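Please read the structure below before turning to the comments.
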Amino acid sequence: MAQFFIVRISLILVTLLFVSIVVFAMTEVLSGDAADAILGQGRTEENLQAIREQLGLNRPAHVRYLDWLGGVVRGDLGTSLRDQQSISGLVGSRLANSLVLAGFAFMIGVPAAVAVGIFAAVKQNSFLDRFFSVTSLVAISLPEFVTGIVLIIVFSSWLDLFPSSSLIQPGSSPLEQPDILVLPAATLMGVLFAYIMRMTRANVIEELNTDYVRTATLKGLSYRRVLFRHAVPNAMLPTISVITINIGWMLGGLIIVESVFAYPGLGRLLLTSIQNRDVPLLQALALLLASAYALSNLIADLSYAALNPRVRLT
Amino acid sequence: MATVARTPDSAPTPVAIEDRTSAWPVRAARAVAREIALLLRTPSGRIGLPLILIHVIIATIGPMFAPYPHTEFHLEHRLEGPSADFLLGTDQFGRDLLSRVLSGASSIIAMSVIGSIFGLVIGTSIGIASGYKGGMVDEIVMRIMDAFMSFPALLLALLVATMAREWDFPVLSAQFEEKAFIVLTIAVVFIPRVARVLRSAALQIKELEFVQSARLRGEPGWYIVFREILPNTAPVLGVEASVRLSYAILLAASLGFLGLGVQPPSPDWGRMIGESQQFIVTHPTYALVPAVGIATLVIGINLVADGLREAHELPQETPQ
């Protein structure tokens, strides 16, 4: 078991190192423009050189990479080119906002999806099962910005229940105005809910058709017991891996949803950094999002191993 | 062979006839015809296939039926709802939405299809070759693929799309260039994901007897990879292709929405939705017109993917 943990964690570290190299190499192509972007119209060859000197852009790439990586390890994400603020400070509140939004969607979406999935599997081919199948297919097929806009039209324009944008006063938390979270969280939840529900349903149906479930039924166990003590726990194993893959999907969805609802989170900051060619900020955010994804994968692996002793042997 | 799978209906299963005399295009056409026949036996396929067909027709001949040029301004008719003159209403410059949606169909479909093809061809080659080869090579290749997959798809797409804009290909015209970037982005995001799926299919197939006997015959590696393993991954590849295509459209539309897609004045469904957002309260049809276009197209493709899965009895796919 200990060995399993060590192998997994060191693999994550290697992955993160690779991710940092890819992020750095990709954004390297953009960094020539940073000096350009700061100077704008009034640039000359001399003050371009001066700015590059000042930002340290004239050093060789590997030196800058190691410098950057060293900073990241010590918790210093660098300085935003645009407003010369420390990125760690800039990211802090945005990260909290994004976590609130994603956490809200996740906490409601995942249990609901699992519950509906089990229900649909038990009532296979009933009207409600078909209804959920169709809605989940539609939810998967709609990009987040379409779902978001439809929700805005229905719940904000027509019914006037929730605000259409989620602007937050700087310094205050989204938790103080929970009503602004509802539509973005619902949008984020759509795809998540649909995938997990479809997967749970398929797995529970598969488990219900196995021999051990038949044995359990034939030896006189109540249906409730067969379902919740035998079929569902086994069906949950593959569902867990779907849930983690969905976290990656959700991180991407966060970028879109925050843009649709003008929600001040990491995703919107990422888009702003792309528009401003703010390379250090873009690097930091890309690394942060990729690390969040890698960590969620690790958590999934570990919980999978905790639930399934067979995994630990390999 | 692809046709050995059971069909859901009780109708007789088409029998795969060993056909080595016809030229390969004839055989390929027959294989496609068989797949379509199989697909039409599933309820999902019966709805999905016509939906896709409608979109393909719109993309090819739709622009000819556009009532106005898609870039023509009608400044006295800005942001109007549907009317007899403008069947689906107009945008903030008074451009006819019907004409813009019709002319925008071909670019998103073409970019997604070409991007998916690149991703599928390269990803499949890497995946099957790596799985067949095994050992250290396989280990290293798959670690690299894993590393690329540790980026959430949209984040990787944003990075690649932003980066691609910085390059300048003097050979390509500006308008073609921006489309090539989207194609490149889709392909880069797809390669590791396709490679992983096809590798696991190849790992199963390479243990089968016909591969062993080909190896004993002394066939070269490329022959086994492309002539023995590849044809037998057809059902997996078919499902993967349809799933990829639906993601490609979502990805292209999302990039467009975020302003990294085709640049104005070319009509782009994703960008149209992005631009419509500021008028959403007063003018919801502006957003809904391109939204319905994207939605019906992706629903059609997903239904076909479901139908193919059902026809070949493959398990439910997890999103990547």
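The values are calculated or read from the model by the stated rules, or taken from the named source; none is laboratory data. All values reported here derive from a predicted model rather than from experimental measurement. For neighbour counting, all protein chains shown are included, and Cβ atoms are generated from backbone atoms with ideal geometry for every residue, glycine included.
Which numbered condition trips up B:S276, out of (1) facing chain A (nearest Cβ under 10 Å); (2) within 15 Å of A:L137 (Cα to Cα); (3) crowded, with 18+ Cβ neighbours inside 10 Å?
(2)
Just to be sure before I move on: is A:A50 modelled with pLDDT under 80, over 14 Å from A:Q283 (Cβ atoms) and within 14 Å of another protein chain (Cβ to nearest Cβ) in the structure I sent?
Taking the combined requirement at face value, the residue does not satisfy it.
Within the bounds of the stretch A:233-240, is there any residue that is under 30 Å from A:V122 (Cβ atoms) and β-branched (V, I, T)?
yes
Condition first: in contact with an Asp or Glu (Cβ under 9 Å, 6 or more places away or on another chain) and over 12 Å from B:M149 (Cβ atoms). Now tell me which residues in the stretch B:178-200 satisfy that.
Scanning the stretch B:178-200 gives B:L198, B:R199.
Just to be sure, is B:A129 within 14 Å of another protein chain (Cβ to nearest Cβ) and not acidic (D, E)?
So B:A129 does not fit the description; no.
On the basis of being within 10 Å of chain B (Cβ to nearest Cβ), on the phi < 0 side of the Ramachandran plot and either surrounded by fewer than 19 Cβ atoms within 10 Å (Cβ to Cβ) or touching a residue at least 12 places away in the same chain (Cβ under 8 Å) (or both), does A:P233 make the cut?
no
Looking at the stretch A:262-281, which of the residues that are at pLDDT 85 or above and hydrophobic (A, V, I, L, M, F, W, C) is farthest from B:E275 (Cα to Cα)?
Only one residue tops the list, namely A:L266.
Tell me the residue from B:L288, B:L260 that is more than 7 Å from every other protein chain (Cβ to nearest Cβ) and surrounded by fewer than 24 Cβ atoms within 10 Å (Cβ to Cβ), please.
Every option except B:L288 fails the conditions.
Given the structure, is B:I57 exposed (fewer than 14 other Cβ atoms within 10 Å of the Cβ) and assigned to a helix (DSSP H, G or I)?
Yes, satisfied.
Residues of the stretch B:132-169 being more than 24 Å from the chain's Cα centre (by Cα) and either buried (at least 19 other Cβ atoms within 10 Å of the Cβ) or of a type in the set (A, V, I, L, M, F, W, C) (or both), which ones?
Scanning the stretch B:132-169 gives B:Y132, B:M136, B:V137, B:I140, B:V141, B:W167, B:F169.
Quick check on A:I152: is it buried (at least 19 other Cβ atoms within 10 Å of the Cβ), within 14 Å of another protein chain (Cβ to nearest Cβ) and farther than 19 Å from B:I299 by Cβ?
yes
Pull out all pairs, ordered by first then second residue, where Cβ-Cβ is under 8 Å, the residues are six or more apart or on different chains, the first lies in the stretch A:67-84 and is farther than 17 Å from A:E28 by Cβ, and the second is assigned to a loop (DSSP other than H, G, I, E, B).
From the stretch A:67-84, the pairs are A:T79/A:Q85; A:S80/A:D278; A:R82/A:N276; A:R82/A:D278.
Check the stretch A:205-216 and report whether any residue there is over 30 Å from A:S291 (Cα atoms), in contact with a Phe, Trp or Tyr (Cβ under 9 Å, 6 or more places away or on another chain), of a type in the set (V, I, T) and free of Cβ contacts under 8 Å to residues at least 40 places away in the same chain.
Within the stretch A:205-216 (the criterion being over 30 Å from A:S291 (Cα atoms), in contact with a Phe, Trp or Tyr (Cβ under 9 Å, 6 or more places away or on another chain), of a type in the set (V, I, T) and free of Cβ contacts under 8 Å to residues at least 40 places away in the same chain), the answer is no, since none of the residues qualifies.
Looking at (1) more than 20 Å from the chain's Cα centre (by Cα); (2) within 14 Å of chain B (Cβ to nearest Cβ), which is the one condition that is false for A:I118?
Tallying (1) more than 20 Å from the chain's Cα centre (by Cα); (2) within 14 Å of chain B (Cβ to nearest Cβ), A:I118 fails exactly one: (2).
Here's the yes/no breakdown for (1) within 14 Å of chain A (Cβ to nearest Cβ); (2) farther than 30 Å from B:R34 by Cα; (3) touching a helix residue (DSSP H, G or I) at 6+ places or on another chain (Cβ under 9 Å); (4) in contact (Cβ under 8 Å) with a residue 40 or more places away in the chain:
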| site | (1), (2), (3), (4) |
| --- | --- |
| B:V160 | yes, yes, yes, no |
| B:I205 | no, no, yes, no |
| B:F210 | no, no, yes, no |
| B:S213 | no, no, no, no |
| B:E219 | no, no, yes, no |
| B:I224 | no, no, yes, yes |
| B:I229 | no, no, yes, yes |
| B:A234 | no, no, yes, yes |
| B:G238 | no, no, yes, yes |
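Among the residues in the stretch A:246-254, are any surrounded by fewer than 19 Cβ atoms within 10 Å (Cβ to Cβ), farther than 15 Å from A:R94 by Cβ and free of Cβ contacts under 8 Å to residues at least 24 places away in the same chain?
No, the stretch A:246-254 contains no residue that is surrounded by fewer than 19 Cβ atoms within 10 Å (Cβ to Cβ), farther than 15 Å from A:R94 by Cβ and free of Cβ contacts under 8 Å to residues at least 24 places away in the same chain.
List every residue pair whose Cβ atoms sit under 8 Å apart, with the two residues 6 or more apart in sequence or on different chains, where the first one lies in the stretch A:267-288 and is among the small types (G, A, S) and the second, anywhere, is buried (at least 24 other Cβ atoms within 10 Å of the Cβ) and in a loop (DSSP other than H, G, I, E, B).
Note: pairs meeting the criteria are A:A286/B:F151.
Considering only the stretch B:220-254, how many residues are of a type outside the set (F, W, Y) and exposed (fewer than 15 other Cβ atoms within 10 Å of the Cβ)?
Residues flagged as of a type outside the set (F, W, Y) and exposed (fewer than 15 other Cβ atoms within 10 Å of the Cβ) within the stretch B:220-254 amount to 4.
Taking B:D85 and the conditions (1) of a type in the set (D, E, K, R); (2) touching a helix residue (DSSP H, G or I) at 6+ places or on another chain (Cβ under 8 Å); (3) in a helix (DSSP H, G or I), which numbered condition does it fall short on, given that it satisfies the others?
B:D85 satisfies every listed condition except (3).
Just checking, does the stretch B:134-155 include any residue being within 17 Å of B:A248 (Cβ to Cβ), more than 14 Å from chain A (Cβ to nearest Cβ), β-branched (V, I, T) and assigned to a helix (DSSP H, G or I)?
No, there is no match, as no residue in the stretch B:134-155 is within 17 Å of B:A248 (Cβ to Cβ), more than 14 Å from chain A (Cβ to nearest Cβ), β-branched (V, I, T) and assigned to a helix (DSSP H, G or I).
If I filter the stretch A:243-287 down to residues being among the aromatic types (F, W, Y) and within 11 Å of chain B (Cβ to nearest Cβ), which single residue comes out as farthest from A:F145 (Cα to Cα)?
Only one residue tops the list, namely A:W249.
Count, please, the residues in the stretch A:130-147 that happen to be surrounded by fewer than 23 Cβ atoms within 10 Å (Cβ to Cβ), without any contact (Cβ under 8 Å) to a residue 12 or more places away in the chain and not β-branched (V, I, T).
The qualifying residues number 2.
Of these, B:P25, B:P67, B:P63, which one is outside any loop (DSSP other than H, G, I, E, B) and under 30 Å from B:M272 (Cβ atoms)?
Only one candidate qualifies: B:P63.
Which of the helices (runs of 4 or more DSSP H) contained wholly in the stretch B:206-320 include at least 1 residues that are among the β-branched types (V, I, T) and over 27 Å from B:V188 (Cα atoms)?
Once the helices (runs of 4 or more DSSP H) in the stretch B:206-320 are filtered for at least 1 residues that are among the β-branched types (V, I, T) and over 27 Å from B:V188 (Cα atoms), what remains is B:209-217, B:284-312.
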